[in-house]
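First comes the structure, then the notes that go with it.
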Amino acid sequence: MDLLIPDKTHDESRQGEALLLEPVAGKNNGRKLYIESYGCAMNFSDSEIVASILQDKGFETTTDFNNADVVLINTCSIRENAEQRVRNRLKEFTVAKVKNPGMVVGVLGCMAERLKSKFLEEEKLVDVVVGPDAYRDLPGLIERVDDGQKAVNVLLSREETYADISPVRLNSNGINAFVSIMRGCDNMCSFCVVPFTRGRERSREPLSIVAECTDLFNRGYREVTLLGQNVDSYKWNPEKQGAKVEEQKPIMGMDLLEKVLSSGEDLGETQDQALEEVKEGVTFANLLEMVAQISPELRIRFSTSHPKDITDDVLYTMKAYDNICKYIHLPVQSGNTRVLKLMNRTYSRDWYIDRINAIRRIIPECAISTDVITGFCSETEEEHQDTLSMMDYVQYYFAYMFMYSERPGTLAAKRYADDIPEAVKHQRLKEVVNKQQEHSHTRLKQLVGTTQKVLIEGFSKKSDKDYSGRSDQNTVVVFPVGEGYKPGQYVNVYIERCTTATMIGTVSPHTP
Ligand code: SAM
Ligand code: SF4
């Protein structure tokens, strides 16, 4: 049992969601693509890149896999149950493939990378296996399958960031978008499969990020979430990355940047400053500032921060810009120093507390959320109590809470016994979840009687008489639909009451 109190980077309600794009005039090869995604926001963002690549080759999308010529499933390997979910889904595709033997079935993402060609042996209906750095090769791989072969490309890259591919986001709400700023991870936390499935860490060229966010803003989006496994280690160094600044524009060769820069749309200071800043090398704090300067009307979020890397510079940049949301996802994993050491997290309990104190000192109103793993190898009852006491200290707004799931090939799988009985892992998870529910409720109750600036995202899940949006601190706010405001706009909402996960209020007359 994994229990989540949802924010948006792992949105349970989006698991298995299929992408639907508008057909592009003049580009139609007569074939239909079905693509669905599992796992974290990075995978959903990657599926948009894949869809862009295939749309460019004339594919049209469909949301019914029974009608598709190519069926792709973008997979997650983070825990065993994530992989099981994908295997069950593949069984459902088997029936469709029996009816339509020409259908190409492809597996993308982390599971493809982890299992490589073994996937073809284990799941007979799969024709194509493609790792996260090989998506540009997909059209060629599909051709190979058309010629009667099976096809695999799981090569990891040290350079690929897909910076020049502007993702298509047609079935999004047109208000929030995820923008990938880096790929891979160099951290080697002992429980985690990501460094093996997504390869070495690399940062995306900063002007391509600013250009993508500017384009989104110009198309009406009002919130971007900058994505990376460890955003604090974002670093763009033009010299090291082999590009002199003067040469960067042509090197980027990006349709999008060219479009934004040549359309006469004024990026004003942002553009000049951005070009200046890339000369010096760009840190995450610099990047945040560059994106924040696109417009005060564009909200910026980011995920995920790593406790060992989050700097005061980032915190001061957040404080300096009203449009950088005061919300940090800072996974703790465990509140005990010995367990953190076994997890290879490279920080201690005291270090984590020091970072929490820095956030409180610099941005007192900042909401903090976290990830917790229960029942990691050799974790004692006392060490588990340290996690609970850390939760009491921070009083997180949200948490993702998981039982430890051993992943083949990870450092923990090689070095330590997965020796905590399932029932104990389960019991500890239950205690962590109960505590978090208490804290989430406490945090929301503290906001009753305040006024929150909310970006309206659409109708509430329960009723089209109510709108739903998020506060700066990323809490869901529900309030009655009314004249004079609509999705994509900001309103000030007076919070009248709350449930454990939602604030309920009315729009204040002093709306921006
Ligand atoms: N890079 C981010 C970080 O360092 O926090 C998150 C990466 S991971 C996709 C998201 C979360 O999954 C982790 O923070 C961790 O809590 C959880 N996770 C990763 N591997 C796990 C495992 N083997 N068992 C249980 N939970 C795991
Ligand atoms: Fe996995 Fe650790 Fe990298 Fe996060 S920082 S992706 S948990 S290895």
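Could you work out the local net charge near E379, counting Lys and Arg as +1, Asp and Glu as -1, over the other residues with Cβ closer than 13 Å to its Cβ? Mind showing how you got there, number by number?
Details: positive: R338, K341, K425, R428; negative: E381, E382, E383, D386, D418, D419, E431.
Result for the neighbourhood of E379: -3.
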Open item on the list: Tell me which of S233, N357, L429 sits at the most positive position along the dipole axis of the chain, charges placed on C-beta atoms (Lys, Arg +1; Asp, Glu -1).
Closed with: L429
Task: Principal axis dimensions, the stretch 377-485 - Cα atoms, whole angstrom, descending - done: 61, 29, 22
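I want the local charge near Q333. Using Cβ-Cβ distances under 9 Å, sum +1 for each Lys or Arg and -1 for each Asp or Glu among the other residues.
On the way: positive: R345; negative: D371.
Computed value for this residue: 0.
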Task: Dipole-positive endmost among Q385, G488, P195 within the chain (Cβ charges, Cα centre) - done: Q385
- [ ] Would you tally the net charge around L447, using a Cβ to Cβ cut-off of less than 13 Å, leaving L447 out, and scoring K and R as +1, D and E as -1?
- [x] +3
- [ ] Identify, among T506, F59, L342, the residue whose Cα sits farthest towards the positive end of the charge dipole of the chain, taking +1 on the Cβ of Lys and Arg and -1 on the Cβ of Asp and Glu, with the dipole about the Cα centre.
- [x] L342
Task: Calculated log₁₀ intensity ratio I(q)/I(0) where the Debye formula runs over C-alpha points of the stretch 165-207, q = 0.31 Å⁻¹ - done: -1.05
Open item on the list: Under a Cβ-only charge scheme (Lys and Arg +1, Asp and Glu -1), can you give me the dipole magnitude of the chain about the Cα centre, in debye to the nearest 20?
Closed with: 1020
TODO: On each of the three principal axes of the Cα atoms of the stretch 349-437, give max minus min coordinate, whole Å, ordered largest first.
DONE: 41, 27, 21
Task: Antiparallel bridges, percent of DSSP beta bridges restricted to the chain (to nearest 5) - done: 40
TODO: Mind sorting V130, V394 by how few other Cβ atoms lie within 10 Å of their own Cβ, fewest first?
DONE: V394, V130
Task: Largest-first principal axis extents, alpha carbons of the chain, Å - done: 63, 61, 53
Task: Greater than 21 Å apart at Cα, pairs in K118/K341; K124/K150; K32/K99; K430/K462; K91/K124 - done: K118/K341; K430/K462
TODO: Please list the equivalent ellipsoid semi-axes of the stretch 149-242, computed as the square roots of five times the alpha-carbon gyration tensor eigenvalues, in descending order and whole angstrom.
DONE: 25, 18, 15
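The numbers here are math on the coordinates, done by the rules we state, and not lab data. If you're wondering where the values come from, they're calculated on a predicted model, not measured in any experiment. For neighbour counting, all protein chains shown are included, and Cβ atoms are generated from backbone atoms with ideal geometry for every residue, glycine included.
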